[in-house]
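**Q** Handing you this structure, nothing more for now.
The values are calculated or read from the model by the stated rules, or taken from the named source; none is laboratory data. Here the structure is a predicted model, which is why all the values come from computation and not from measurement. Methodologically, a virtual Cβ is constructed for each residue, glycine included, from the backbone with ideal geometry; neighbour enumeration extends over all protein chains shown. Heavy atoms of the whole protein, side chains included, go into the accessibility calculation; ligands, DNA and RNA do not. Shrake-Rupley method; radii C 1.70, N 1.55, O 1.52, S 1.80 Å.
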Amino acid sequence: MTAYDFAILVLRVVLGLTMAAHGYNKFFGEGGLSGTAGWFDSIGMKPGRLHARMAATTEMAAGLGLAVGLLTPIPAAGFVALMFTAAWTVHRKNGFFIVKEGWEYNLVLAVAAVAVAGTGAGRYSLDYALFGSSNIYDYLHGWCGLLIVAVLGLAGGIGQVLIFFRPPA
């Protein structure tokens, strides 16, 4: 095991399980999906129930996908879309720093996921296990991985905000 493969494994697993935990909490935490839906309605992401389900599902799928390294640029794009939407709808007005509920944490999670998409999931990933000996693997990291995560992630996040976000007056 190389230091690179170990480091990228740790990064993927910690990022992924952190995101998956946020999705799990939206489904099953205090207030459950109904409480999450009410919160989404209150911040202007309507219909709240739809956005609660979409956010929770995307957080769990993107988190678990990144943790196991499966089609890595796609779950990384989920991180970018989620964190862009959260930063814009909730944290933007609070400035940068997380201590004032700013968008710092959103940026770190999104950029870390982009970095994983660019470097690749490493030898201890499903990408490598399934595609390591084929040309498909070459499309799951490097410039191609970065392009996939940028296009899908930004399109998803910007699309969510433009289509659904109506800030309360």
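**Q** Determine the relative contact order of the chain: mean sequence separation of Cα pairs under 8 Å and six or more apart, normalised by residue count, in whole percent. The partial results should precede the final answer.
**A** On the way: 283 pairs, mean separation 45.2, N = 169.
Worked out over the chain, it gives 27 percent.
**Q** Can you find, among PHE131, MET60, MET45, the residue sitting farthest towards the positive end of the charge dipole of the chain, where Lys and Arg contribute +1 and Asp and Glu -1 at Cβ?
**A** So the residue furthest toward the plus end is MET45.
**Q** If you don't mind, there's one more thing I want to ask. In vacuo Debye scattering of segment 61-145, one point per C-alpha: log10 I(q)/I(0) at q = 0.21, 0.25 Å⁻¹?
**A** Scattering profile of segment 61-145, log10 relative to I(0): -0.85, -1.06.
**Q** So which residue, out of PHE84, PHE97, PHE27, gets the largest mean-square fluctuation from a GNM of the chain using Cα contacts under 10 Å as springs?
**A** Highest fluctuation among the options: PHE97.
**Q** Could you sort the peptides 43-49, 15-21, 3-9 by per-residue average Cβ neighbour count (10 Å cutoff), highest mean leading? Spell out each step's value before the answer.
**A** Numbers: 43-49: 17.0, 15-21: 19.6, 3-9: 14.1.
Result, highest mean first: 15-21, 43-49, 3-9.
**Q** Right, next: Quote the Stokes-Einstein diffusion coefficient, in whole µm² s⁻¹, for segment 10-97, based on the Kirkwood radius over alpha carbon pairs, a temperature of 10 °C and a viscosity of 1.306 mPa s.
**A** Values: Rh = 13.2 Å.
Roughly 120 µm²/s, to the nearest whole number.
**Q** Just to check, using Stokes-Einstein with a Kirkwood Rh over alpha carbon pairs, what's the diffusion coefficient of the chain at 10 °C and 1.306 mPa s in µm²/s? Walk me through the numbers on the way to the answer.
**A** Working: Rh = 16.2 Å.
This corresponds to a translational diffusion coefficient of 98 µm²/s.
**Q** Same structure again: Based on Cβ point charges of +1 for Lys and Arg and -1 for Asp and Glu, what charge dipole magnitude is obtained for the chain about its Cα centre, in debye rounded to the nearest 20? Before the final figure, lay out the partial values.
**A** On the way: 10 positive and 8 negative charges, 91 e Å.
Computed charge dipole of the chain: roughly 440 debye.
**Q** Could I ask something else about it? Keeping every protein chain present and rolling a 1.4 Å probe, give me the accessible area per residue for the chain in Å².
**A** Working: 9000 Å² over 169 residues.
Spelled out: the 1.4 Å probe surface of the chain, per residue, equals 53 Å².
**Q** What whole-number volume per residue, in cubic angstrom, does the convex hull of the C-alpha atoms of segment 1-59 give? Write out the running numbers ahead of the final one.
**A** On the way: hull volume 4.5 nm³, N = 59.
About 76 Å³ per residue, rounded to a whole number.
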